[in-house]
Amino acid sequence: GVGPSDASPDEGVVEDLPLIDEKAVEQLTEGLISHYLPDLQRSKLALQELTQNQVVLLETLEQEISKFKDCNSILDINALFSEAKRYHNKLVNIRNEMMMLHEKTSKLKVSGMNI
């Protein structure tokens, strides 16, 4: 014989589903949205504000970085001028020594001629 265990497991499932009330689904959806939407909108605004603040912060950081780069450039230029001054002083000293040596050799030539 055919017993309850011989029936297909899917048999009768469709008949067991309750009828879906479209109006109830719509009302539940609206209730769910109205419950969560204000929080989500506030979160969205907070995220937008945060993003704007981050953009401003990034721009400020870029300006500060460029200021530091300018400062480093100025320091490099100052170091270059200091080095140029040092080499100029060396050249002046060498020139003075050469003039002194020239005078000494001139005097030696003159005294050599007089001998």
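Note on the range 27-82: along the principal axes its Cα atoms extend 81, 9, 7 Å, ordered by decreasing extent.
Couplings 3J(HN,Hα) for the range 94-102, derived from phi with the Karplus relation 6.51 cos²θ - 1.76 cosθ + 1.60 (θ = phi - 60°), are 4, 4, 4, 5, 5, 5, 5, 5, 4 Hz, where x marks Gly and Pro. Note on L58: accessible area approximately 100 square angstrom, rounded to 10, probe 1.4 Å, nucleic acids and ligands left out.
The values are calculated or read from the model by the stated rules, or taken from the named source; none is laboratory data. It should be emphasised that the depicted structure is a prediction, and the values quoted were computed from it without experimental measurement. Heads up: the accessible areas ignore ligands, DNA and RNA and are worked out on the full protein's heavy atoms, side chains in. Shrake-Rupley method; radii C 1.70, N 1.55, O 1.52, S 1.80 Å.
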